[in-house]
1. Suppose each label sits 7 Å from its Cα in the direction of the beta carbon; what would the ARG88-HIS181 distance come out to in nanometres?
2. Multiplying the sequence separation of GLN44 and ALA190 by 0.36 nm and subtracting their Cα-Cα distance, what value in nm do you get?
3. At 0.36 nm per residue, minus the direct Cα-Cα distance, what do ASP167 and GLU146 gain on full extension? Give it in nm, one decimal, please.
4. Fully extended, how many nm does the chain gain between ALA25 and ARG80 (0.36 nm per residue separation, minus their Cα-Cα distance)?
Amino acid sequence: MTAGVVQMLQIGRGRDAAGSADPPAEPADLIAAAAGGDLHSFEQLYRQFSPRVYGLCLRLTGQREAAEDCTQDSFVAAWRALSNFEGRSRFATWLHRIAVHAVLARRRGLRSRYEVAEPEGGLPEAEDPAGAPPLDVERAIAGLPEGARHVLVLVGIYGFSHAEAADMLGIAAGTCKAQLHRARGLLAAALGLEEL
């Protein structure tokens, strides 16, 4: 079992998602300039934060096109609300919260009912030189039930606390903890691993 999978399955048991590394410094000058209406500064923020926002949206939706739309919706909403950013939380946390709301709004809307899921086959897998079959963690995460997947992505991958994730998803913190436990068990079963 790879160390990354073990770490992800152990999140929520007193370990953080980022490990011991300090998070990158906030680009305060860019944020302030963008809040003042500077498009160039906002473009730089977009270039810096869009990969993580897209990854969050992709893991929550399980579909590339939906993730691209949600990423775009997130940055449009962020541009509109940037003058209200108070700095009480990290900019990335604020932006991730907007992205979660964009995904949940899409789920409540009509578009999600008519979207076609991506094909199961995907790209061919590369062979492991040791002969072990590869673990497709992303596909296993995408196959989780929606509630369990959302909690696993927010708490297990992005490192939000149960309280923060529960607030974003509009559920109780106890439900969030139960969904994480369920997600870890289902993920371990999907990957053919022992539950941790």
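1. Placing both labels 7 Å beyond Cα along the Cβ direction yields 3.1 nm.
2. Values: separation 146, 0.36 × 146 = 52.56 nm, distance 3.88 nm.
Residue separation times 0.36 nm, minus the Cα-Cα distance, leaves 48.7 nm.
3. Working: separation 21, 0.36 × 21 = 7.56 nm, distance 1.64 nm.
Going from the current span to full extension adds 5.9 nm.
4. On the way: separation 55, 0.36 × 55 = 19.80 nm, distance 2.34 nm.
Here the segment from ALA25 to ARG80 would lengthen by 17.5 nm.
Just so you know, all these numbers are worked out from the coordinates, no wet-lab data involved. Fair warning: this is a prediction, and the values are worked out from it, not measured in the lab. Ideal geometry is used to build each Cβ from the backbone, glycine not excepted, and the neighbour counts take in all protein chains shown.
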